[in-house]
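K.L.:
One structure is given below, represented as structure tokens, and several questions about it will come after.
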Amino acid sequence: MSTNNNLVEFMKRQIVIEKEIVDSLNKGIVDIKNPPVKGVLKGISLDSVKHAELYASAVSLLTNVSQALTQENLDAQRALVEKHIQMEAELIKKLEKMMPTIENKKVTFLLNAILTDERRHHAMLKMVLEIIVHGETITEADWWELLWENVPFHGAPGG
């Protein structure tokens, strides 16, 4: 139990840190005039918002009893995830087709970052769909795999 409590406390501290990162970056980018630098820093800020949400979700998994979902709710979730899997797949194809034609290395760098994110999103959405299909049979290991497998650097600098 102590290990579980330590983990929960660690994640709660990480939520605070992620929110501090968001605040710092959002204040810092106000005066930045370079669009690529501003865009990358804003993207990192948004990732930190996401990280805080993922930590909060993990804390919830460890501290709360899950509520059973209605079939209607599961169907709605499945439809939403399937729609976005298709949207991500189409975007990935478009970017992969366009990337070889771009000569500007800075633009290539930015679009490659987007493509990497889209591929990761696509993989995560597929995992979410699988979890939804499993419904009641989802295990704690399934949730941890979803939360961390495709998160580059697992919240460390660089991701």
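The values are calculated or read from the model by the stated rules, or taken from the named source; none is laboratory data. Predicted model, so just to flag it, every value in this text is computed and none were measured. Heads up, the Cβs are rebuilt from the backbone with ideal geometry, glycines too, and the neighbour counts pull from every protein chain shown.
K.L.:
Of the residues SER48, SER24, SER66, only one is within 23 Å of LYS126 (Cα to Cα), small (Gly, Ala, Ser) and surrounded by fewer than 14 Cβ atoms within 10 Å (Cβ to Cβ); which?
P.N.:
That would be SER66, the only listed residue that is within 23 Å of LYS126 (Cα to Cα), small (Gly, Ala, Ser) and surrounded by fewer than 14 Cβ atoms within 10 Å (Cβ to Cβ).
K.L.:
A further question follows. Could you list, in sequence order, the residues of segment 86-112 that are among the aliphatic types (A, V, I, L, M) and either within 14 Å of the chain's Cα centre (by Cα) or not in a helix (DSSP H, G or I) (or both)?
P.N.:
Correct list: ILE102 only.
K.L.:
For the condition in the same structural domain as LEU74 (by TED's automatic domain parsing), under 30 Å from GLN71 (Cβ atoms) and in contact with a helix residue (DSSP H, G or I) (Cβ under 9 Å, 6 or more places away or on another chain), what is the one hit in LEU111, LEU125, LEU95?
P.N.:
Just one listed residue meets the conditions, LEU125.
K.L.:
Name the pairs: first residue in segment 53-64 and assigned by TED's automatic domain parsing to the domain that holds THR3, second residue of a type in the set (D, E, K, R) and crowded, with 18+ Cβ neighbours inside 10 Å, Cβ to Cβ under 8 Å, at least 6 apart or on different chains?
P.N.:
Going by the 8 Å Cβ cut-off, the qualifying pairs are TYR55/GLU18.
K.L.:
Going through segment 1-38 one residue at a time, which ones are within 21 Å of LEU111 (Cα to Cα) and out of contact with any helix residue (DSSP H, G or I) (no Cβ under 7 Å at 6 or more places or on another chain)?
P.N.:
Hits for segment 1-38 are LYS33, ASN34, PRO35, VAL37, LYS38.
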